[in-house]
Structure formats: structure tokens, C-alpha cells
1. Taking the stretch B:75-88 as the search range and keeping residues that are more than 9 Å from chain A (Cβ to nearest Cβ) and touching a residue at least 60 places away in the same chain (Cβ under 8 Å), which one is nearest to residue A:159 (Cα to Cα)?
2. Within 11 Å of the chain's Cα centre (by Cα), at the interface with chain A (Cβ under 8 Å from one of its Cβ atoms) and not charged (D, E, K, R): does that describe residue B:44?
3. Among the residues in the stretch B:103-122, are any in contact with a Ser or Thr (Cβ under 9 Å, 6 or more places away or on another chain) and basic (Lys, Arg)?
4. Considering every residue within the stretch B:22-37, establish whether at least one is at pLDDT 85 or above, under 20 Å from residue B:138 (Cβ atoms) and β-branched (Val, Ile, Thr).
5. Of all residues being within 14 Å of another protein chain (Cβ to nearest Cβ) and free of Cβ contacts under 8 Å to residues at least 24 places away in the same chain in the stretch B:7-31, which is surrounded by the fewest Cβ atoms within 10 Å (Cβ to Cβ)? Just the residue, please.
6. Report the residue count in the stretch A:45-66 for those that are surrounded by 13 or more Cβ atoms within 10 Å (Cβ to Cβ) and either at pLDDT below 80 or farther than 29 Å from residue B:50 by Cα (or both).
7. Starting from the stretch B:121-139, keep only residues that are farther than 21 Å from residue B:164 by Cα, then list their pairs with residues that are outside any helix (DSSP H, G or I) and of a type outside the set (Val, Ile, Thr) whose Cβ atoms are within a distance under 7 Å, requiring at least 6 positions of separation or different chains.
8. May I ask you to say which residue of A:177, A:150, A:90 is within 30 Å of residue B:159 (Cα to Cα) and either at pLDDT 85 or above or within 14 Å of chain B (Cβ to nearest Cβ) (or both)?
Amino acid sequence: MKKIIFLFFLFTILSFAHKINLFTYKEGNKIFVEGYFSDGVPVKNSLIEIYNEKGEKIIEGKTNEEGLYSFEIPECKKIKIVLTGDMGHKVEKEMEIEEKKTLRKEETKTTKKEVEKKMDLIDKEEIKKIVEASIEKAIAPLIKEIQKEKEKARILDIIGGIGYIFGIFGIYLYFSKK
Amino acid sequence: MHISEGILSGSVLATGGVLAASGTIIGLRDIKGEDFVKVSLLSSSFFVASLIHVPVGPSSAHLVLNGLCGIILGWKSFPAILVSLFLQAILFQFGGLTTLGVNTCNMSIPAVISYYLFRPLIKKNLFLTGFLSGFFSILLACLFVSLSLISTNKYFLNIAKTITLVHLPIAFIEGIITGFILTFLKKTKSEIMGG
């Protein structure tokens, strides 16, 4: 009978809650951070702290009504983003920034060499940057979707969990009877 | 209501751990024979309930069902809730392993309190018993969560207010659900209420 109640709940009002997820992406020279609970509700007006690789706090701010926060890419290799929500929720995420910088250096080197040969190369570089930026922008929701999907608790885990519970108590019963 | 890792100080974690361990030992000693089925059933209800998000109120809140556990299991709620929280932590990263003790206490102590407060009413009005235990267990759990967060945040009243406001609708819903489940169980499986 209980199981019928479970199933009723599972298929009517089921959505998963109570874990904060952090979604990050770069756009231009800014990093965007978005916090939301596992069911997609944004984490509003919550504290965001950014630490550099030495563990020093470099930026502090609050998410807006949509759970969004953005800041300029800082001058360090690696940052750690910490989002603290109400009621004891907290999530951390590390992010490498090095990649972008080295890319920029290479770009400037090649342009310096080849600028004299072809004038339209600058345009090419610019186009490349624009294309990169727009691709990043275009796939951002896709990445977000994938990240959300990954974070979702799965039905199989739930059913498995119920099995574990009976198993754990069963084993305890077996050993306590001896 | 699950407190994540890395928020609470060591002393709070240790206190929670010790309290949860003692509660669990008392609970396990209380389990006799066929009680195991009951404990497992309610443990899995608790496990599933926390995954059910109720779209009411300004923030994200979910069912807890610690009142139901309390009224049926009494001290046995401790092992039931401990096992559920452990699995929630490893399967869904709700809460965390270090905060397991604190979280267990936050939800089981209200369960045990409502057992002593409302269990005597069970013969008079079953639905009311269920409603009261469901309702007050959530509110008490809010209070305990706020208390455990004191060490990290001085604005205790603010946290307590926010948490309670968010959970007030849930408390009502949970009270009603607990009431219905109790009436339903009485009709179909009345033996679960005994002992």
C-alpha cells in the first residue's frame, strides 16, 4: 500500500529539490555565474565569493533576482567560486583561466608575423573572435541543459535507494538475531 | 533543510554526531522483531519524501515526513532517518557525510518530541494527531536548523524567520499528508500503529 502512495507522489508532483548547482561560463572578458536549486529555482540574493589560487578572496558579490552574477576575468590562473545560499546550502566550483590567456598570446604572435604579408588577416582574426564569442553564447544554454540533466536525481537511484534501506535493515536484523 | 558540508564548525558537527549516535543506539535497542519492517518502510518514505519538491512559497522546499516517522516509530526514527540521510548524501549529494549527525538530529529530535506530545492523542482523533505531528515536526526542524547555523551566522532571528516562512506552507501540506496517511494506515494496516 505504501508503495502505491510513493508512486502517486513520484508521478504527480515529482521534481527534485534541495541542492544548489552552479553554472559558469565565459563571455568576452567576463565570467558569468548562475546558481539554481536542482529543480531550476534560481538562488536569489545570495553571497558569491571568488578566491584566487592562493586562497585569497578577490571578489565578493550577490546574485540578482535571477540567480545571476558576473565579474571581469581576474588576473590569475585559477579561481574558486563559492556560492552560499540560505538555510545552509553551499557549493564550490573551480575554474581555470590560463587557457584563454595563452590563446591570446599566440594570436598576437601570429598576427605580428603575418600582418605585413596580408592585410586582411586582421579581419580574419576579428571574424574568428566574433565567431568564437557567438558560438560560446549559442551553446551556453545547451551546456546548462546538460549540466542540469547530470545533476538531476534519477528515478533509478530512488528505487535503488529504497532497496538499500531494506537491505541495510535486513542485514542488521540478521546479525542482531544471532 | 539538509545542511551542506563545509558550513558548520567542527564543534557543532561533533555535537551533532554524538547526539545522533546516542539517539540511534536508543532507537536500535527499541526495535523488536517485526518492527524492522516498519522502520524500513518509514525510512524509505522519508528517503523519497525529501525528493518531492512542493512548488509553494518563495524558495525551494520539500516534504520531510519526519512527523510521520515520529508518531509511528518514536525513538526508532533515529536509525530510520540516519539511514535515509546517509543514502541521500551519497546518492544525491543532499547534505553531506560530515553533516550527517547534525542533519539526523535536526530531523529526528522533532520526530521524537512529537511522538511524546501527540501520541497520546492517537485514540481520540487520528487525523488531528497526524496533522499536529507533521506540522510541528517541520517547524521544530526549522528551529533546530537555525540553531545549528548560529555558529556561522550571528543573525539567528533572521535565519530562523526565513527558514520558517519558507517552510510554513510545507508544514501545512505535510500536516495534511501525515493526517491522511495515518487514517489510511489505520484502515488498511492497523497493526503498524501499535507499539
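1. Across the stretch B:75-88, the extreme among qualifying residues is B:85.
2. No, not satisfied.
3. Yes, that holds for at least one residue.
4. Looking through the stretch B:22-37, none of the residues is at pLDDT 85 or above, under 20 Å from residue B:138 (Cβ atoms) and β-branched (Val, Ile, Thr).
5. Looking at residues that are within 14 Å of another protein chain (Cβ to nearest Cβ) and free of Cβ contacts under 8 Å to residues at least 24 places away in the same chain, I get B:29.
6. Total satisfying the criteria: 7.
7. Pairs found: none.
8. Result of the check over A:177, A:150, A:90: A:90.
The values are calculated or read from the model by the stated rules, or taken from the named source; none is laboratory data. It should be emphasised that the depicted structure is a prediction, and the values quoted were computed from it without experimental measurement. Cβ: placed from backbone, ideal geometry, glycine included. Neighbour counts: every protein chain shown.
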